[in-house]
Every structure is written in C-alpha cells, then in structure tokens.
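This report concerns only the one structure given below.
The values are calculated or read from the model by the stated rules, or taken from the named source; none is laboratory data. Computed from a predicted model, the values in this text were never measured in an experiment. Here the Cβ positions follow ideal geometry from the backbone for every residue, glycine too, while neighbour counts run over all protein chains shown. Ligands, DNA and RNA are stripped out before the accessible areas are found, and what is left, the full protein with its side chains, is counted by its heavy atoms. Shrake-Rupley method; radii C 1.70, N 1.55, O 1.52, S 1.80 Å.
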Amino acid sequence: MMALPAFAAEYGEPDITPQTTMGEIRSNPSILGAGVWTYSKEQNLPGTEDWCNDQTLEKYVSSYVAQDCADGLNLLIRNYNAGVQITYKLYSEQEIAEDSSRNNAEFYYYPASTPDAKYALVLSGNIFNRTAELKECISTAYQLHQKGYAVFVLRYRIWMDMGDNAPLEDLARAVEYITAHAEELGVQPEDYALVGFSSGGQVAGVFANSKRGYGRYHVAKPGVLLLGYSVSDTSVMKPVYYTLYDIGTCGWRYYWTSLDKAVEEGYPPVYFWRGNDDSMLGPAWMPGQYDDFEKALQACNVPYKRVTYQHAPHAIGTGNGTDAEGWLTQAAAFWEAHTTG
C-alpha cells in the first residue's frame, strides 16, 4: 500500500496543464506519493530515469490526449490528497521475491463518484520496452470517470518480463483482486468492461476467451470489450516474441492467438474501431484481419459494433481533434446496452 499524504495541506500544488513539464509532474509530491507510473519507456533500462523530463505533457503524450491526461492526473492528485489509495500491487512480497518482474505489475484506482458503480479495466498498447499507460489509459480513465464509472488502469508486464503469458496473468490477478474487494472499492464485480488499445487490445481479446483467458484463471468474465485500434494478430512478431521471451519453453503463448481465433460462443460483446490512416494497422498488421475478427463474431452470434474512421491515426487514445473524438461516449452506450447492471 502506498503511503497516504502527510503533506497534502503543506504543499500548494498548481493544476497540471498540457504545458507542465514531465519533470514537474514526476517531482509532484502527490504523484510521487501515489506511486503512479509516468513513463512510456521502461525505467529499468540504463539512462531512462530522466526520460524526457524537459518535455511538456502535451509533447510527451500528444495533443490528442493532453488535456484529458492533465485532467486525469489532477483527479488522481485530488483523490490521493483525500486519502484514497491509488496504487495497488498485484502480487505479494513473497511472490515478488520469487519473481522480481512481478513488482512492475500494478493498477491505479479511479473511484466513481457514487457507490456500486460499474468498472472499466484499461490496458495500454506496448511495443518492446514502451507502453502508454499515461497517454492512453489516464486520459481514458478521466473520460470514463466523468461518465460515472470506476476505472482501473493496469500496468502489466512487458519487454523482457512478458514471457510465460505474464500479461494475461497480471490481468487475471487484477480482476481477481477487484472482484474480491468489490465492496470496499465501490464497484459491481459483474459486467466490467475491458478497454484495450493496440497490443493491449489483443491481450484483452484473448483474455475474453473462456479456455485461454478468464476461464483458465478462474476469474470473472468481462461484460464487454471496448477496443481502440487493437492489434488482431501479432503476425510477423510471433517468432520474434517467442525468441526474445519464451525461447526453449513449451506450451501455448497468448501472442500466438489472433482475435478471430479467440472468438467463441458466449464471447463478450465487442465494440472496436480503427482509422483508415492508421499506418501501424496498415502495412504492419494488415487491416484485413479486422474482417476476420468481424466474421468470427458473426459466426458465433456475438453482438458487436465495428467503426472505421477516416482520419484517426494510431495511438491517439481518446482521439480528441480527430473524427474518432467521442468514441468513448458511443462505446459506453454500447456497454450499457449489452449489460444488465
């Protein structure tokens, strides 16, 4: 558990804005006390401790999400100074001692304004040693909080720690903890939304399979999947991932399963979108894979909504300033329409 603020009244903390530098954000007493991850590059690599400290938040996370991200950080500061625990480790001290990589697995809590709220669990994208919790997840958490939901931002293991299906294990552990502590966290344990961006969407989509995901870990099934520019199939990266992270091991690995192969009877309803000018999902990931995903959803009679925007690049999170702006409002309406809580 992170320490609660003994200094909340002592420090006059100005609001974070898109023009606040990353160094100022990372040295903010409440951000430090809350323990929130503010990097997009793994800090355990040499020379990254001061990664982009001189950049503004807007430069660091992009103009698409800068204001939502600033608002999300300010909300986090207010919650922390009100005595809310923000950071929750997913593993015990003994489990971390057995595998030090587990120390990087945690979630950040945004309580709803009212009790017994539905909750969303948000997964950022990742590529090798980079993640986007701050860029994609904090901004999303703010918008969903404004709509009345509780939100948990998941920091799952990546890079050299993602072997042996670690991201799925981290996601399952988060769901397990939230379910077990639903009353004290003020959430409904059922009908939760998994919100996944880019490769985080692929993790979420595989987790929604009863054999490979939630059923394998004996945790609650997601109520819906809300996927932004999700990777459907890791394609050419499969042998690279295996060589880097799982060489010499046996057994199934989550990155081997494309989203269309994860779909089954009883799969959660899915809202998913991408942009036609998304260069990452173009030549790298083959946009035709979305057609395979849609066909699988149709074949298994899974409710879904597919949206294609004309001008929505990759990694834009809430998508402000593009024609994807407001997608979370549509996605939340889809969530409500397909769950009973």
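Please give the number of the condition residue 230 fails out of (1) open to solvent by 20 Å² or more (accessible area, probe 1.4 Å); (2) under 30 Å from residue 60 (Cβ atoms).
(1)
List, please: which pairs have Cβ atoms under 8 Å, are six or more places apart or on different chains, and start with a residue in the stretch 14-39 that is within 20 Å of residue 83 (Cα to Cα) and end with one that is buried (at least 18 other Cβ atoms within 10 Å of the Cβ) and among the small types (Gly, Ala, Ser)?
What qualifies is 15/70; 16/70.
Considering only residues that are open to solvent by less than 10 Å² (accessible area, probe 1.4 Å), modelled with pLDDT of 85 or more and more than 18 Å from residue 338 (Cα to Cα), which ones fall in the stretch 259-284?
Selection gives 259, 262, 275.
Among the residues of the stretch 116-175, write down those that are in a loop (DSSP other than H, G, I, E, B), buried (at least 21 other Cβ atoms within 10 Å of the Cβ) and at pLDDT 95 or above.
Answer for the stretch 116-175, where residues must be in a loop (DSSP other than H, G, I, E, B), buried (at least 21 other Cβ atoms within 10 Å of the Cβ) and at pLDDT 95 or above: 118, 149.
So, in the stretch 56-90, how many residues would count as being open to solvent by 50 Å² or more (accessible area, probe 1.4 Å) and under 27 Å from residue 311 (Cβ atoms)?
Total satisfying the criteria: 5.
Tell me, please, whether a residue that is charged (D, E, K, R), open to solvent by 20 Å² or more (accessible area, probe 1.4 Å), over 29 Å from residue 40 (Cβ atoms) and out of contact with any helix residue (DSSP H, G or I) (no Cβ under 8 Å at 6 or more places or on another chain) can be found in the stretch 285-292.
Scanning the stretch 285-292 turns up at least one residue that is charged (D, E, K, R), open to solvent by 20 Å² or more (accessible area, probe 1.4 Å), over 29 Å from residue 40 (Cβ atoms) and out of contact with any helix residue (DSSP H, G or I) (no Cβ under 8 Å at 6 or more places or on another chain).
So, in the stretch 100-114, of the ones that are part of a loop (DSSP other than H, G, I, E, B) and in contact with a helix residue (DSSP H, G or I) (Cβ under 9 Å, 6 or more places away or on another chain), which residue ends up surrounded by the fewest Cβ atoms within 10 Å (Cβ to Cβ)?
Top of the filtered list is 113.
Every residue, every condition in (1) in contact with a Pro (Cβ under 6 Å, 6 or more places away or on another chain); (2) within 16 Å of residue 191 (Cα to Cα); (3) at pLDDT below 75; (4) part of a strand (DSSP E or B), yes or no:
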| position | (1), (2), (3), (4) |
| --- | --- |
| 226 | no, yes, no, yes |
| 230 | no, no, no, no |
| 239 | no, no, yes, no |
| 249 | no, no, no, no |
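In the stretch 311-341, which residue that is touching a Gly at 6+ places or on another chain (Cβ under 7 Å) and either assigned to a loop (DSSP other than H, G, I, E, B) or free of Cβ contacts under 8 Å to residues at least 40 places away in the same chain (or both) is most open to solvent (accessible area, probe 1.4 Å)?
The qualifying residue most open to solvent (accessible area, probe 1.4 Å) is 311.
Can you list residue pairs whose Cβ atoms sit under 6 Å apart, with the first residue in the stretch 64-89 being without any contact (Cβ under 8 Å) to a residue 12 or more places away in the chain and under 13 Å from residue 37 (Cα atoms) and the second being among the acidic types (Asp, Glu) and crowded, with 23+ Cβ neighbours inside 10 Å? Count only pairs 6 or more apart in sequence or on different chains.
Cβ pairs passing all conditions: none.
Name the single residue that is farthest from residue 111 (Cα to Cα) among those in the stretch 141-167 being under 16 Å from the mean Cα position of the chain (by Cα) and of a type in the set (D, E, K, R).
Checked the stretch 141-167; the qualifying residue farthest from residue 111 (Cα to Cα) is 157.
Looking at the stretch 194-201, is at least one residue over 23 Å from residue 333 (Cα atoms) and either within 19 Å of the chain's Cα centre (by Cα) or among the polar types (S, T, N, Q) (or both)?
yes
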